[in-house]
Each structure stands twice: as structure tokens, then as C-alpha cells.
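Working notes, structure below.
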Amino acid sequence: MEPVKQIQEPLKNFIMVSIIVAVMEEKGLDTIFTLLDSFFPQEGDIDYEFIVVDEYNKQREKIYHDQFPWVTLIQTERLMPESYARNIALRHARGKFIAFTTDHCIFPRHYIKNLVAEFSKGYRIVGGPVTNANPEIFTGWVQYFCEYNKWIPGLPDGEIDDLPGCNFAYHAELLRKLGPLPEGGYSTETLFHRKAKEADNKLYFFGGLEIKHTNEVHLPVIWKERFYYGRLFAARRGFALWRRIVYIILSPMIALAEYLRILNHARRNLQYLKKFIHCTPLLLPTLFIWMAGECIGYARNKQDKNDYTPC
């Protein structure tokens, strides 16, 4: 594990909420700082800490200290896979409730207040909708529908099968009982939610916990990521040989079935349904690229433990 340096020490031994975010990509200084600008100040008189895991960089360190002194910054020697960075942050988190997001999100000022209100009702795992933070950019909708179609605004409050990796929270006691987050390269939070459900815990979705996600807009990058994630997803499933062969043969139909599944989710929101229809000429080939990655994953049937990021 990379050496860790925490440069801002906690002021209190107990707080109500810990927010954890790992900086994942070297896209300049705007994404994580845009997130922090949107987050502070929060409504309500609720104690919280905001933990950021970032690579060591003097320029960033100065910005954190000068502009965001309320952030607890943990620095590593290099940018790390998100699940690893989150587990590092968990060792420092002191909140009764622990929420996770990503460095491309934008928060409403009422998020902490609404989060605590839901937990106060007795829920132990909660999350909320993810909206498109850059809706004016056409290609961004492709990534949005591929990754967040299950949590489009309009879904009714209540129990749900999965929660978005950029917008979920656990009661800290339950989180630590279940153990550290699975460490790997894609959808590790879904694996953790599955573990929680197998232990008789329920996931709950609430519209008042809505956040925005800024999506990738460069189509070659989106396609590269979809191919990689498809390959990783297939390798993780561990299917028997006969089943892998069936999936490879039926892959075109599976891609079309995925398109129809996304359509079923998009129809909950008229605005998003229109965007879904408009981006279909790009979304369909993207889904076929995903399935091509899956086919490679089924053919190889192995996962490189060091294969964390798109190559």
C-alpha cells in the first residue's frame, strides 16, 4: 500500500457524517475543486467531515489549505484505484454515517441535512438519484445512460436493488461490520451492496439525496472505457465454459436487450427520455463495444489483479 500523509488533523473525536471522495483522474484541478465549491457551506447545524484522498502535489495541497480548510486531505504517492483510496479514508473516518461520492460530482447545499434525516428514520443504507451535470454536451449523455440509467430522477422512494457508486451512504457500524470495500477496478460498490443484502440488509433510494455527475464527453475515451469495463465485468463473473460460449454467441441480442432496459428506465422522466432517443445513434454502438469487451473477457476468462484502469 502506498505511504499516506494526512496533512489536516481532525478537530473533534466524533461527528455525525463523513463524506469520502477519491481523486481518480489527472484532468487539471477543476473537477475536485468544483465539487468542493458546490458542497460548502451545507444547510443545517450538523457536524461533518469531508475526506479527500489525492496524490501528493504541492500546488493542490496549497489550494486545499487556502480555499478549503474544512477538508481533511489524505495524500498518497500516486493516484490510486478508487476502492483502495476509499478504504484508506475509512481508516480515518469518524462519522456515525459514511457517504461516498466521486470527484466528478456536484452537490446541493441540503445534502447533509437530507442524508441525516433519512438515517434518523432507521435506515442503514441509503442513496439517491444521479442527474447529468453537463446536459448541454451531447456525447456526455452516452456515458450517463451507460452508467446511471438505473438512478434517473423520477424513481419513487423506497427499497432498491442497487445504489450508484457516486451517491451512497452506510451507517458506520454496519459498514465496519461488513468489512472493507472490495478492492478492484469496476463496480466494487455493487459487490459490497450485494454482500450487505446477503446479510439481510436493505438498500433504500430517496429523491431528496440527488446529486449531479459531470460526464466524459470525448467519445473515444467513452468507448475505450466501455470496452475495458465489459472485459472486466465478464472476467469477474466466473461463468462455466458452456455459459461463456452462449453469451458470446448471443452478444448482439444482449446488447439490444441492454438498450431496451435503459429505455425502460429513461421513460420515467420525459426530459431524459428525449435525450435517450436523441443519443441513440451513439448509444447503440457504445453498447456493442461494451459487449465486444465482454466477449473478450469471456474468452480469456481471467482477471489481472493489477488491471485497474483502462489501458
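The values are calculated or read from the model by the stated rules, or taken from the named source; none is laboratory data. For clarity, every value in this text was computed on a predicted model and none was experimentally measured. No Cβ is skipped: glycine too gets one built from the backbone with ideal geometry, and neighbour counts run over all protein chains shown. To get the accessible areas, we keep the full protein, side chains included, count just its heavy atoms, and leave off ligands, DNA and RNA. Shrake-Rupley method; radii C 1.70, N 1.55, O 1.52, S 1.80 Å.
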Practice item. Identify all residues within the range 265-276 that are over 11 Å from F145 (Cβ atoms) and free of Cβ contacts under 8 Å to residues at least 24 places away in the same chain; write none if there are none. Key: R267, L270, Q271, K274
Practice item. For the range 211-218, indicate whether the set of residues that are part of a loop (DSSP other than H, G, I, E, B), touching a Gly at 6+ places or on another chain (Cβ under 7 Å) and β-branched (V, I, T) is non-empty. Key: yes
**Study point:** Positions within the range 201-210 being basic (K, R) and assigned to a helix (DSSP H, G or I), in sequence order
**Key:** none
Review point. Is it the case that I248 is over 25 Å from T102 (Cα atoms) and either surrounded by 13 or more Cβ atoms within 10 Å (Cβ to Cβ) or under 23 Å from the mean Cα position of the chain (by Cα) (or both)?
Key: yes
**Study point:** Unique residue being closer than 17 Å to P135 by Cβ, open to solvent by 30 Å² or more (accessible area, probe 1.4 Å) and part of a helix (DSSP H, G or I) when the list is L256, L282, L263, L191
**Key:** L282
Check your understanding: For the range 195-206, does any single residue satisfy the condition of being among the polar types (S, T, N, Q) and more than 14 Å from the chain's Cα centre (by Cα)?
Key -> yes
**Study point:** Any chance K62 is in contact with a Gly (Cβ under 7 Å, 6 or more places away or on another chain) and either in contact (Cβ under 8 Å) with a residue 40 or more places away in the chain or not aromatic (F, W, Y) (or both)
**Key:** no
Check your understanding: Going by the structure shown, is G154 crowded, with 22+ Cβ neighbours inside 10 Å, under 21 Å from N269 (Cβ atoms) and either in contact with a Leu (Cβ under 9 Å, 6 or more places away or on another chain) or of a type outside the set (S, T, Y) (or both)?
Key -> no
